[in-house]
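Single-structure report; data block below.
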Amino acid sequence: MAFKINPPTTPPATGGTGVIIAPATSRAPSPSRPTSRPYPPRERQYGNKDDKDDVRLNERIRVPQVRLIDENGGQVGVVATSIALQMAREKGLDLMEVAATANPPVCKICDYGKFKYEKKKKEAVARKNQVVVKVKEVQLRPNTDEHDLEYKIKNCRGFLEEGDKAKITVLFRGREIAHTEPGYKMCQHVIESLKDVGVVESNPKLDGKKLIMVIGPNPLAKKK
């Protein structure tokens, strides 16, 4: 029987460190990704989506015609949007949409920066003049002693004089709920003690194991 002897193969190179070095393989280069946007970024304009009021201005008004109001409040009439925009640009102002639901929409020539400034100023004045009434709770127990009761009535008086409401809560525990008369008497005592600075907005009412009533500031007491 004849044996076929294969020719010796060349051992792979080790690089002198015993580590087999793999032969270099040719790999197709991956397509390079663009490092920049294929189109220039849009210029930031007034009235973009970042604005809370989302007012349409200038090029964002895309209807064919508008009912135009000039910078002095005069009625110009219905004109093409392109003409209205050109009129605003010639005066160095903006074309602002003020009534989008009208047919055609109503637009005004104005200084949008000044418009936003005056709007924020008015909102700040409105927040300053806004009266915020808080409800502050005072908790009692049917067996609260006279000294603690008078101290908490004094706290309620301070709340009412500052313009806040006082919520008086009488807490019952265990079998105390079977005898609510002391709680009602305590609430009546609080009402009589605060009648010069407060008015009862919610009469004593039993809610579960709580007797709750609300006293608000007396508007006549503030005038004194």
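The one condition from (1) free of Cβ contacts under 8 Å to residues at least 60 places away in the same chain; (2) surrounded by 16 or more Cβ atoms within 10 Å (Cβ to Cβ); (3) under 32 Å from the mean Cα position of the chain (by Cα) that residue 59 does not meet is (2).
The residue pairs whose first member lies in segment 82-99 and is closer than 14 Å to residue 67 by Cα, whose second member is surrounded by fewer than 19 Cβ atoms within 10 Å (Cβ to Cβ) and of a type in the set (Asp, Glu), and whose beta carbons are closer than 6 Å, counting only pairs six or more residues apart or on different chains, do not exist in this structure.
Bear in mind these aren't lab numbers, they're just calculated from the coordinates by the rules spelled out. Fair warning: this is a prediction, and the values are worked out from it, not measured in the lab. Reconstructed Cβ throughout: ideal geometry from the backbone, glycine too, with neighbour counts over all protein chains shown.
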